[in-house]
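Single-structure report; data block below.
The values are calculated or read from the model by the stated rules, or taken from the named source; none is laboratory data. These numbers were taken from a predicted model, which means no experiment stands behind them. Positions of Cβ are backbone-derived with ideal geometry, glycine not excepted, and every protein chain shown enters the neighbour counts. The area values use the complete protein model at the heavy-atom level, side chains included, leaving out ligands, DNA and RNA. Shrake-Rupley method; radii C 1.70, N 1.55, O 1.52, S 1.80 Å.
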Number of protein chains: 2
Amino acid sequence: MSDSTELFAPHNHSLCINTALTTASQLCAERGVQLTAIRQQVLELIWADHHAVKAYDLLERIKPLQSAAKPATIYRALDFLREQGFIHRVESLNAFVGCNDLKSAHEQLLLICKRCENVEERHADSVMQALAQELALAGFTAHHQAIEIHGICATCTQSNNTPSLN
Amino acid sequence: MSDSTELFAPHNHSLCINTALTTASQLCAERGVQLTAIRQQVLELIWADHHAVKAYDLLERIKPLQSAAKPATIYRALDFLREQGFIHRVESLNAFVGCNDLKSAHEQLLLICKRCENVEERHADSVMQALAQELALAGFTAHHQAIEIHGICATCTQSNNTPSLN
DNA sequence: GTTGATTTGTTACAATATAACATCTCAATT
DNA sequence: AATTGAGATGTTATATTGTAACAAATCAAC
């Protein structure tokens, strides 16, 4: 576990990642789809911390495990994980992050810290309700959405000690 | 003016684009920055309709006017126009759209129609207020944001006649 | 008209993503 | 056990999007 992960939110990240993986596994079983080795490895790599991960970084990281891995290997796994709702694409970063609410149907707010680079998926019913009203007013039927906020997270605001950034 | 533009919202698009260009010109004068020929041409091309335009499409379209144009030509102009707040990047499309509120400080909702491909920038104080509250609650300091909603716009919902796509 | 800052030209390349087709795997059926 | 068919992966090639770095030109201010 990296320092920056600990800054993000004091939490047991082993538990965090285990929950994500076992839930994903259960859901795949229920849905009759295969969580293959590659797909599970990509999901684990994405959940390694709370940063958004780039596809080609995943490619490098999976090569020790899958020496034949090519871009298509990663993008296929990412497509699968997105279809199953296990990960989100962070559009404004061209990167991917684990979804921490596998029950809820659609994406919530993504709070992206410029300092520690953690991405927090946050529920915000008030925002979603206001948004739904606004869309109704506009006569717009939403299919999917991306709400991405860039800034400085609470932890980084409080602690000015340098987080372990690149 | 394309059919799909007319579907978007019955409006005088010449007026629409003229307003955008003259306002941009005024703001540049006020700010002491140069709206050069290239920058103005790119802005005009972006305002040609209400679609989000891709950088390399802009490059093709500007070549008759700027035969020496290269990718950097476009990206520099786009950078300038974004810094000045004249255009937005649509993160989920890797594309760019004119900003129709040059006074307001930051980006509002972008409603992106999958059918006619128009992008409507919409103000939604209720959403922004709810968002501000939510961010305050999270202790998150926002620097910039992207709120992009994909779906079907009111006009396309009402009229099922095929819009002039692609 | 010289100077300094800004803008543009130009070449090369990095980073992100997909298409297309071959091969493999594995379970269900014959 | 062999066949088959669907899904997954291997593989090559290429498309798309974006940036770095440095040279040349332009333009405003002095």
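Miscellaneous remarks
- Accessible area buried at the A-B interface, both sides summed, 1.4 Å probe (Å², nearest 100): 3000
- Charge dipole of the protein assembly as shown (Cα centre as origin; +1 on each Lys and Arg Cβ, -1 on each Asp and Glu Cβ, all else neutral): 840 debye, rounded to the nearest 20.
- For peptide B:116-128, the mean count of partner chain Cβ atoms within 10 Å of a residue's Cβ comes to 3.
- The range A:16-71: relative contact order as a whole-number percent, Cα under 8 Å and 6+ apart: 29
- The range A:82-99 residues near the modelled A:A55 label - backbone nitrogen below 13 Å, point 7 Å along Cα→Cβ: A:82, A:89-91, A:94-96
- Semi-axes of the equivalent ellipsoid of the range A:1-160 are 26, 22, 15 Å, computed as sqrt(5λ) over the eigenvalues of the C-alpha gyration tensor in descending order.
- Inter-copy label distances at B:N94, shortest first and taken from points set 7 Å along Cα to Cβ: 0.6 nm.
- Two-decimal Rg to Rh for the protein assembly as shown - Kirkwood Rh, Cα set: 0.99
- Spatially proximal aspartates and glutamates relative to B:K103 (Cα-Cα < 17 Å; intrachain offsets below 8 disregarded): B:E30, B:E83, B:E120, B:E121, B:D125
- Dipole of the protein assembly as shown, positive end: most advanced residue of B:A142, B:S92, B:V119 [Cβ charges, Cα centre]: B:S92
- Exposure here means at most 14 other Cβ atoms within 10 Å; with trypsin sites (Lys or Arg not before Pro) in a DSSP loop as sites, the longest stretch of chain A lacking them is A:1-102.
- Value of relative contact order over chain B, rounded to a whole percent, pairs C-alpha under 8 Å and six or more apart: 24
- Label-point spacing at B:E30 relative to the other copies reads 5.4 nm, in ascending order, each point sitting 7 Å out from Cα along Cα→Cβ.
- When a 1.4 Å probe is rolled over the protein heavy atoms, the share of accessible surface on chain B that falls to carbon and sulfur comes to 50 percent.
- Expected 222 nm ellipticity per residue - DSSP helices of 4 or more, -39500 (n - 2.57), all of chain A, to 500: -13500 deg cm²/dmol
- Span-like helix criteria (full DSSP H runs; alpha carbon extent of at least 20 Å along the helix axis; mean Kyte-Doolittle hydropathy of at least 1.0) are satisfied in chain B by no helix.
- Dipole size of the range B:3-158 about its Cα centre, with +1 on Lys/Arg Cβ and -1 on Asp/Glu Cβ: approximately 460 debye, rounded to the nearest 20.
- Annotation for A:Q158, label-to-label distances across the other copies: 5.1 nm (shortest first, one decimal, point 7 Å from Cα along Cα→Cβ).
- Shielding by partners - mean other protein chain Cβ count within 10 Å, residues of A:147-156: 6
- Backbone phi angles across the range B:114-119, fed through the Karplus curve with coefficients 6.51, -1.76 and 1.60 (θ = phi - 60°), yield HN-Hα couplings of 6, 8, 8, 6, 6, 10 Hz in residue order; Gly and Pro are listed as x.
- Pairwise FRET efficiency - A:E30 versus B:T157, Cβ, R0 = 35 Å, nearest 0.05: 0.55
- Per residue, the convex hull volume that the Cα atoms of the range B:80-166 enclose (Å³): 118
- Just checking the listed ones, A:A138, A:A154, A:A124: in the Gaussian network model of chain A with Cα springs under 10 Å, the one fluctuating most is A:A138.
- Nearest-0.05 FRET efficiency for B:H143 and A:N94, computed from C-beta distance (R0 30 Å): 0.95
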